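Since every read-out is calculated from the coordinates, none of them should be taken as a lab result. Owing to the predicted nature of the structure, the values given are computational and were not obtained by experimental measurement. Because the Cβ atoms are built from the backbone with ideal geometry, glycine has one as well, and the counts that use them run over all protein chains shown.
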Amino acid sequence: MNNRLRVLRAEREWSQAELGGRLGVSRQAVNAIETGKHDPSLPLAFRIARLFNMSIEEIFQDEGAGK
């Protein structure tokens, strides 16, 4: 799953640890999501979307979408 999490975090000048703290997850979890090694759970995706005041679809894109 592709995502814009790293860009959105950088725009706010948050570290991975800061973002993790705001979301209630570890820095390692944030890194795994940013690098595409792990897809967030649906509840976590909703928390991320609310934090950035965006829809889930604006942040996450299914790699197979449009095919």
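Would you mind working out the magnitude of the charge dipole of the range 2-54 relative to its Cα centre, with +1 at each Lys and Arg C-beta and -1 at each Asp and Glu C-beta, to the nearest 20 Debye?
Charge dipole of the range 2-54: 60 debye, to the nearest 20.
Just the ratio, please: alpha-carbon radius of gyration of the range 2-54 over 2.2 N^0.38 Å, N its number of residues.
Values: Rg = 9.7 Å, N = 53, 2.2 N^0.38 = 9.9 Å.
The reported ratio for this selection is 0.98.
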